[in-house]
Amino acid sequence: MPKTSTSLNDLLHEIRRIEESREVLTEKKIRSIYKQLLKELTAFVAETYTKYSDGNGMLTVSDLQRSAKLAWFLSEIDKNCNEYLPDVSKEIQKLIDTVYEECYIGMVEAVNRAYDLSALNVRPEVMKSAISNNIEKLTLPALLEKNRKEIVYEIKQTVSIGLMNGERYDTMSRRLVDRLDFSYGKANNVVRTETHRNIEAGLMDGALETQKALSGSGLVHTATWRTMEDERVRPQHRYHTKTGWKTKVSGKADHKKMEGVTIIVGDKFKLEPNVYAPCPGMSGTARNDCRCRCFLEYDLLTLAEWEALPNRQENFISAKDNGHIITLT
């Protein structure tokens, strides 16, 4: 629900809901990929145990070396991983591309519907440029490739340790399940963090487009930081114990203090000393961005309404800091 009478939040709520639904569907697809990878790996390991283990059902490095199969075994593990893990990256990349584009267009169309500003139609060349130059999209492939290599390495390490310990198949299988569950958790963390980041980035970049069109109109496009206002808002941390759920305060990131802070679109929020962000998820620091659930509420205000806001934050980033100075003229 909107927190001010002029808020675009009602219109943007549906956009966020749809994109968060895409996130859930992508998580399900990734889960399916990991399940198939686990099925292939355990079947291959089981077959290898059947052929090359000793009479006690254990398989060691020596057993495979005697058969000159150690290099082959690790190579097949690598092959299985690289058959499925690139699909995880493709699903995440496809999700991020769609989320950013839909939010960028959605913001401009929301302003059009709310204020009948026909001049704010998204020009194809502007939209294409914005989507192509989405910084998060450009940096994501390197992150996904790094994660893929780490997962393959960790799985091969897990198998190698099992061989060195001469473990039975059921023990080795449990190791693979635990390792892939952990890797799936990391993939989900990337999905949730990047989806949230690109929802907010797409909306903000769309808002920047409308801000340009508002020049000389007497209106300014503002963004207000909102938290979920629950016990998980940073620096609070919710965790489970034997006696139930507990909350503790930890970490440098403090988003509770950001609730209600308003800027003009194009400026940046100050989260910490020397840490700025145009929107949630875009500070460049893991403690502020990872699994952040904060969002922005957008308004179109007159200059008088802007100046009357009790919690506005303006023009605090100098040109020296490569910030964006808003001049209200």
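Can you confirm whether the stretch 40-54 contains a residue that is outside any helix (DSSP H, G or I) and open to solvent by 60 Å² or more (accessible area, probe 1.4 Å)? For the stretch 40-54, residues outside any helix (DSSP H, G or I) and open to solvent by 60 Å² or more (accessible area, probe 1.4 Å): absent.
Taking first residues from the stretch 232-251 that are at pLDDT 80 or above and partners that are in a loop (DSSP other than H, G, I, E, B) and open to solvent by 90 Å² or more (accessible area, probe 1.4 Å), the Cβ contacts under 8 Å between residues at least 6 apart in sequence or on separate chains come to 235/252.
Looking across the stretch 217-231 at every residue that is under 24 Å from the mean Cα position of the chain (by Cα) and free of Cβ contacts under 8 Å to residues at least 24 places away in the same chain, the one that is least open to solvent (accessible area, probe 1.4 Å) is identified as 230.
Scanning the stretch 166-209 for residues being touching a Phe, Trp or Tyr at 6+ places or on another chain (Cβ under 9 Å) and over 26 Å from residue 90 (Cα atoms) gives a total of 5. Filtered by the rule that a residue be surrounded by 14 or more Cβ atoms within 10 Å (Cβ to Cβ), in a loop (DSSP other than H, G, I, E, B) and either among the hydrophobic types (A, V, I, L, M, F, W, C) or out of contact with any helix residue (DSSP H, G or I) (no Cβ under 9 Å at 6 or more places or on another chain) (or both), the stretch 269-282 gives 279, 282.
Identify, please: which residue in the stretch 1-17 is open to solvent by 70 Å² or more (accessible area, probe 1.4 Å) and in a helix (DSSP H, G or I) and is, among those, modelled with the highest pLDDT? Per the criteria, the residue is 17. Listed by position, the strands (runs of 3 or more DSSP E) inside the stretch 208-268 whose residues that are touching a Lys or Arg at 6+ places or on another chain (Cβ under 9 Å) and aliphatic (A, V, I, L, M) number at least 2 are 262-264. Checking the stretch 64-75 against the condition returns a match, with at least one residue being touching a helix residue (DSSP H, G or I) at 6+ places or on another chain (Cβ under 7 Å), part of a helix (DSSP H, G or I) and either at pLDDT below 90 or open to solvent by less than 20 Å² (accessible area, probe 1.4 Å) (or both). Taking the stated definitions as given, is residue 63 more than 22 Å from residue 164 (Cβ to Cβ) and out of contact with any Gly (no Cβ under 8 Å at 6 or more places or on another chain)? It is false that residue 63 is more than 22 Å from residue 164 (Cβ to Cβ) and out of contact with any Gly (no Cβ under 8 Å at 6 or more places or on another chain).
The values are calculated or read from the model by the stated rules, or taken from the named source; none is laboratory data. Here the structure is a predicted model, which means the values were calculated and not measured. Note: ideal-geometry Cβ built from the backbone for every residue, glycine included; neighbour counts use all protein chains shown. Each accessible area value is taken on the protein alone, full model and side chains, heavy atoms only, with ligands, DNA and RNA left out. Shrake-Rupley method; radii C 1.70, N 1.55, O 1.52, S 1.80 Å.
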